[in-house]
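This report concerns only the one structure given below.
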Amino acid sequence: MSHNSSSSDHLIERLKSSPFYQICQDSFRKSTGLPLVVLSAENTSFNPCHTSPNQNPFCRVLNVKHGSCEECKKEQQLILARSNKKTYSHTCFAGLRETSVPLRLGRNTIGYLKTGQIFTEKPSAEHTKQLRKVLTENGYNKAEQSETISAYRKTPVFDNERYQSMITLLNIISLQLAELLNRLILESQPMEPEVIRKAKDYITDRIDEKITLEQVSKEVNVSSFYFCKLFKQSTGMTFTEFI
């Protein structure tokens, strides 16, 4: 099954509305105090965690007062580009830490879990200087600059070990969500060919055994080549990925 934009977007929307994801999301937010959003890989419009409770007030102000911050947009593009295959953490121009965890479906990344917007070390004078420069370039007057910098200085500081533990937890969640995505795909497939249904039953009955492609294709009386092609078309996964 090829994942075009609409299918990936649809899967992510189904994931977001699933009770399992909502429980994971709510538990992560409450236990860590961090924001958490999920984005479709095919629709990565700018989203500085604005839909999430626990969003950093500084990030909200920076992207509301005078429209979206161009520096923030560049940072997000970088984060998503570098997290296409593995988790990536990035420190922005203002010294805030943000992380993106890919949601993988087989070999494809179809979405991202994003969190962060905190300090893992106190911001330097250079960070504050850079922030003032960005605010000035974006038309913030002195009163607005003071308000924004005040919110900036209230950003919580997490020690790096604590933050990394939270990201490890998020990676574990992403693996569970990948399994859920696989189930959602299978549920949305049209009626399967009898060969595939029999093959799945055979595999499920022997899931604790080392099952080979040759074994299964022989069991359902088709060639290995034909079985691989039909299995991929029917499930959206290779035989190995399904196992």
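The values are calculated or read from the model by the stated rules, or taken from the named source; none is laboratory data. Bear in mind that the values here come from a model prediction, so they are computed numbers and not experimental data. Positions of Cβ are generated from backbone atoms using ideal geometry, with glycine treated the same way; all protein chains shown enter the neighbour counts. Surface areas here come from the heavy atoms of the whole protein model, side chains and all, with no ligands, DNA or RNA. Shrake-Rupley method; radii C 1.70, N 1.55, O 1.52, S 1.80 Å.
So, with a 1.4 angstrom probe, what is the percent of accessible area on the range 5-87 that is carbon and sulfur?
51
Round to a whole number: what % of the accessible area of the range 95-135 belongs to carbon and sulfur, probe 1.4 Å? Walk me through the numbers on the way to the answer.
Details: 710 of 1670 Å².
Roughly 43 percent of what the probe reaches on the range 95-135 is carbon or sulfur.
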- Message: Assuming a strict under-28 Å limit between Cα atoms, what lysine pair count do you get for the range 128-243 once near-sequence pairs (fewer than 8 apart, same chain) are dropped?
- Response: 18
- Message: On a 1.4 Å probe surface of the protein chains, which of Tyr152, Tyr202 comes out largest in accessible area, and what is the full order?
- Response: Tyr202, Tyr152
- May I ask which residue of Ile243, Gln176, Pro57 lies farthest towards the positive end of the charge dipole of the chain, with charges of +1 (Lys, Arg) and -1 (Asp, Glu) on Cβ and the Cα centre as origin? Pro57
- Query: How large is the dipole of the range 142-231 about the Cα centre if only Lys and Arg carry +1 and Asp and Glu carry -1, each at its Cβ, rounded to the nearest 20 debye?
  - Reply: 240
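Per residue, what accessible area does the chain have, given a 1.4 Å probe and all protein chains present, in Å²?
Roughly 54 Å² per residue, with all protein chains present.
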- Query: Based on Cβ point charges of +1 for Lys and Arg and -1 for Asp and Glu, what charge dipole magnitude is obtained for the range 132-195 about its Cα centre, in debye rounded to the nearest 20?
  - Reply: 680
- Item | Dipole axis of the range 1-116 (+1 Lys, Arg; -1 Asp, Glu on Cβ), positive-most option in Cys72, Ser27, Val38 | Ser27
- Task: Considering Cα pairs under 8 angstrom that are at least six residues apart, work out the relative contact order of the chain and quote it in whole percent.
- Result: 19
- If the cut-off is a Cα-Cα distance under 20 Å, which aspartates and glutamates reach Lys122, setting aside same-chain residues fewer than 8 apart in sequence? Glu75, Glu98, Glu147, Asp159, Glu161
- Note on the structure: Taking only the alpha-carbon atoms of the chain, the convex hull volume per residue, in cubic angstrom, is 133
